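Following: one structure in structure tokens, then a few remarks.
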Amino acid sequence: MGIVMIKCPQTGREIPTGIKADRERFRCSAVFFARTYCSICQANHEWFAKEAWVYESS
């Protein structure tokens with residue numbers, strides 16, 4: 001299990017979406033649209049699943 005991550009379009013930095021997912025299941029999931037609040041630039045970012053990835057800490 002890991003955390004779904006996206007890039008902040010304002011800063012280019014990686015931000016967590018707050019969604020926990022298994023990497024393989026997320027990769028095979030249906031395309032969906034979501035919004036995430038970014039604590040870096042204080043804005044809501046809209047994103048598609050294909051733009052995100054799962055980060056698993058070791």
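Computed from the coordinates by the stated procedures, all read-outs in this text should not be read as laboratory data. In this text, all values refer to a predicted model and were calculated from it rather than measured experimentally.
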Taking 0.36 nm per residue of separation between F48 and R35 and subtracting their Cα-Cα distance, the length gained on full extension comes to 3.8 nm
Projected area averaged over all directions for the convex hull of the alpha carbon atoms of segment 2-55, nm², comes out at 3.2 nm²
Computed ³J(HN,Hα) along segment 37-47: with the Karplus parameters 6.51/-1.76/1.60, θ = phi - 60°, integer Hz and x for glycine or proline, the list is 7, 9, 6, 6, 10, 6, 9, 8, 10, 9, 8
